[in-house]
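What follows is a set of notes on a single structure, which appears directly below.
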Amino acid sequence: MDVRIVYPIKKHRRTTFEILRQWLIILFIIGGAVCVICDLCIPGVPFSLCVLGGEWLFYRTFLHRAHIEARFASHFAQTVLWCCGYLFLLTLIFGKDWAGFVLPIIGFSLVIAMGIFFVADLFRRKLSPLPLLSVSAAGLLTAVLLLILDSFRWPTVVLLSVSVGMLTVVGLFSIGPLGRELKKRFHR
Amino acid sequence: MRYKQKNYARLIRKLSPEDRGLFAELCERWQSNLGMLSPHDRRAMLNDLKGGLVLLCANGVAPSEAARRLSEHNLGRIYSRPRQDWYPLDTAAKIYPLAVSGRRMAVFRLSVYLKKPIIPELLQLALDFTLRRFPHFATGVRCGFYWHYLDAVYRRPRLRNESTVPCQRINMASSGAMPFRVSFFGERISAEFFHLLTDGSGGMVFLKTLTAEYLRLCGERITEFPVWETPLPGETDNDFLRLPPASPSGFSEKTALRIDGRITRRQPSRVLHFELDADALHFAAKARGCSVTVFVLSLLFMANAESSSGEGRIQIQVPINLRPTVGSVTLRNFSLYATISVPRSECTELSSLIPRLAGELAGAMGRDSLEQNAAMANKLVRSLRFIPLAVKRPVVRLIYGQIGEAVFSNTLSNLGRVSLPESMRPHIEKFDFVLGPSGLSKVACGLISYEGRAVLTVTKATDNASFEEALGELLEGVGLEYRLSGSV
């Protein structure tokens, strides 16, 4: 068939990232499966959970491609929350009591980072306060739970105060847009 | 950008003090109308203005006339004020963001070919201005707890120089990404839309307005499709809810037979335009006592039968515009798919196929059938409304291929005859309409006609060329001459 070409000619090439991503996913699947099999054969600490958790964390942080709404702030917050989950998993596996200390430190660092991100472009970000609100609320809840269930430590108190502070910031600047934002997010 | 600024500085040096003051004032007024944009976008938009002024003055337009054409009034308030508007997705659109995956995104493209090469600087300005008329296009897709929705974004829409085949994925993940893109190539202006934003009819209104604005900036006297017009009430309505309640039915087709060939990694693998004489096509259809849609549909059934092997049913989806049924003016999705199904073994003769297809299509386009299908879609949405998005998304992505894509062999979307005002006609050569590839289906066809020229576009997702060869032979067989153009 005689076709007159009316579109730019460009060869389809996969990027290095796409190739690397594909090979890493294959490697992770094989590695994870091998670890699970070894773990089932050898009694003791279930180390395959650490491997699987680590692979998942790496995948979510570097390889996962969200197709809809993957803004930097929410990706950053999600990554930190996955890190917290992974740390919690490690504590469960190895039975050490350091998660109660480390988690609030990560938590208040995240809340502060989100707060800086919010204030840096206050004029526009005050219109969508939900990322900061949800991270601060989660921080507050975690701090309260840790104070009730765990011992009294300084990172927990810092997390509590920073979270309350950020909720106040949201209340001061974004109380109007907040109602609208919640209506949007929860519409049916 | 630096190049544009240098040229602007050179222009300013040549101007009289009054004109210099006029341009400085214009830049200031633009600046005050871009308050909601990021500093980067604000700079880029001011450079659009300066580039436009340089170009118009270089083409002999008087500075006062250039300033009038590029007045800040064209921007409206879309970039200057916090916007309260947001839009829940319409009934048909709800599925599209849920079904998006690495290789699947429902994108379509409408293109207009002008008689002169495109001037990118003016087209960029036309695009900046056109968004004012369509605020619901200046949005981004957001994830709600139950459904996605469209939320206002404050971004300069970026014009692209076309660099690849049509209907590539639109990046919806990054901050401020809009669900459409506009590009140019030679004399062609193309607008590609993620289907969740609008359908072919809505997209055509956008493209006509953009083209009219571009021509106005080029100095043509065009009063139709003004960007300063207020959006009509009802343009953003979900009109599926306006249809009278009916007993729900539909969505129960069986797996369809598809053409042979492996799906390629690159999507679409090829786009081909069969350019036909619209009058000859019309007469060929009338001579067989059917509509153009039925006639082309019968050719597609025959081409499908020739390019597939094995037994089964060939099922072609035909979108039906619902706007005329309720007098709708919405620019959102308002169409439903009718599936026309014929066993492959019975696709042998046009003469026997045409009456059968005409009957099936008339039945599917009947008001009762449409209302039942719409009721089914509404019921589906209602029944899923309490399920969180995080649960819905993976499930829909998993089953969409089986219930959404496996049930049809290909799609034929006929946008019909494009009508344009008298003032625009001398500048427009033709239109074309490209449907994006959709997962398992290896062919999608779009038909559009303008001023005696009909363009049947075939979008391929496989390297197997048997379908287009069969279609070409069939067209020749019924006495229709065509010119073929497309991608490599």
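The values are calculated or read from the model by the stated rules, or taken from the named source; none is laboratory data. Every value quoted in this text rests on a predicted model; they were computed, and no experiment measured them. Reconstructed Cβ throughout: ideal geometry from the backbone, glycine too, with neighbour counts over all protein chains shown. Accessible surface areas use protein heavy atoms only, side chains included; no ligands, DNA or RNA. Shrake-Rupley method; radii C 1.70, N 1.55, O 1.52, S 1.80 Å.
The table below gives the values:
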| read-out | value |
| --- | --- |
| Hits in the stretch B:25-76 (condition: free of Cβ contacts under 8 Å to residues at least 60 places away in the same chain, within 14 Å of chain A (Cβ to nearest Cβ) and closer than 15 Å to B:LEU131 by Cα) | B:LEU34 |
| Of all residues making up the stretch B:384-395, the number that are closer than 15 Å to A:ILE68 by Cα and not small (Gly, Ala, Ser) | 4 |
| Some residue of the stretch A:23-40 being out of contact with any strand residue (DSSP E or B) (no Cβ under 7 Å at 6 or more places or on another chain) and within 11 Å of chain B (Cβ to nearest Cβ) | no |
| Matching residues in the stretch B:129-146 - criterion: being more than 14 Å from chain A (Cβ to nearest Cβ), under 18 Å from the mean Cα position of the chain (by Cα) and surrounded by 21 or more Cβ atoms within 10 Å (Cβ to Cβ) | B:THR130, B:LEU131, B:ARG133, B:PHE134, B:PHE137, B:ALA138 |
| Of the criteria (1) open to solvent by less than 50 Å² (accessible area, probe 1.4 Å); (2) more than 14 Å from chain B (Cβ to nearest Cβ), which one A:LEU122 fails | (2) |
| Residue count for the stretch B:440-465, restricted to those that are within 14 Å of chain A (Cβ to nearest Cβ), open to solvent by less than 40 Å² (accessible area, probe 1.4 Å) and closer than 30 Å to B:ILE399 by Cβ | 5 |
| Any chance B:PRO324 is open to solvent by 30 Å² or more (accessible area, probe 1.4 Å) and at pLDDT below 95 | yes |
| Hits in the stretch B:299-337 - residues which are assigned to a helix (DSSP H, G or I) and under 23 Å from B:GLU473 (Cα atoms) | B:LEU299, B:LEU300, B:PHE301, B:MET302, B:ALA303, B:ASN304, B:ALA305, B:GLU306 |
| Selected residue [out of contact with any helix residue (DSSP H, G or I) (no Cβ under 7 Å at 6 or more places or on another chain) and open to solvent by 30 Å² or more (accessible area, probe 1.4 Å)] from A:ILE106, A:ILE116, A:ILE112 | A:ILE116 |
| Residue ID - surrounded by the most Cβ atoms within 10 Å (Cβ to Cβ), chosen from residues in the stretch B:398-415 that are among the small types (Gly, Ala, Ser) and modelled with pLDDT under 95 | B:SER409 |
| In the stretch B:184-220, the residues that are within 14 Å of another protein chain (Cβ to nearest Cβ), open to solvent by 20 Å² or more (accessible area, probe 1.4 Å) and over 20 Å from B:ILE320 (Cβ atoms) | B:PHE184, B:PHE185, B:GLY186, B:GLU187 |
| Test: residue in the stretch B:221-234 that is open to solvent by 20 Å² or more (accessible area, probe 1.4 Å) and assigned to a helix (DSSP H, G or I) | no |
| Meets criteria (open to solvent by 10 Å² or more (accessible area, probe 1.4 Å) and assigned to a strand (DSSP E or B)) for B:SER423 | no |
| Subset of the stretch B:426-439 (residues that are in a strand (DSSP E or B) and loosely packed, with under 15 Cβ neighbours inside 10 Å) | B:GLU429 |
| Pairs, first within 14 Å of chain B (Cβ to nearest Cβ) in the stretch A:163-188, second surrounded by fewer than 11 Cβ atoms within 10 Å (Cβ to Cβ) and not in a helix (DSSP H, G or I), C-beta under 6 Å, six or more apart | none |
| Residue match in the stretch A:18-41 (condition: exposed (fewer than 11 other Cβ atoms within 10 Å of the Cβ) and part of a loop (DSSP other than H, G, I, E, B)) | no |
| Residues satisfying the stated conditions in the stretch B:64-78, i.e. open to solvent by 30 Å² or more (accessible area, probe 1.4 Å) and within 21 Å of B:SER16 (Cβ to Cβ) | B:SER64, B:GLU65, B:ARG68, B:ARG69 |
| Single condition A:GLN78 does not satisfy, out of (1) in contact (Cβ under 8 Å) with a residue 40 or more places away in the chain; (2) in contact with a Lys or Arg (Cβ under 8 Å, 6 or more places away or on another chain); (3) under 29 Å from A:PRO155 (Cβ atoms); (4) within 14 Å of chain B (Cβ to nearest Cβ) | (1) |
| Residue count, the stretch B:164-180 (criterion: more than 8 Å from chain A (Cβ to nearest Cβ), in contact (Cβ under 8 Å) with a residue 24 or more places away in the chain and at negative phi) | 7 |
| Among (1) within 14 Å of chain B (Cβ to nearest Cβ); (2) open to solvent by less than 50 Å² (accessible area, probe 1.4 Å); (3) assigned to a helix (DSSP H, G or I) - the single one A:SER128 does not satisfy | (3) |
| Residue tally, condition part of a loop (DSSP other than H, G, I, E, B) and within 7 Å of chain B (Cβ to nearest Cβ), over the stretch A:1-16 | 9 |
| Filter result for A:ARG65 (part of a helix (DSSP H, G or I), among the basic types (Lys, Arg) and within 14 Å of chain B (Cβ to nearest Cβ)) | no |
| Unmet requirement for B:GLN267, which otherwise passes all of (1) open to solvent by 10 Å² or more (accessible area, probe 1.4 Å); (2) assigned to a helix (DSSP H, G or I); (3) within 27 Å of B:LEU440 (Cα to Cα) | (2) |
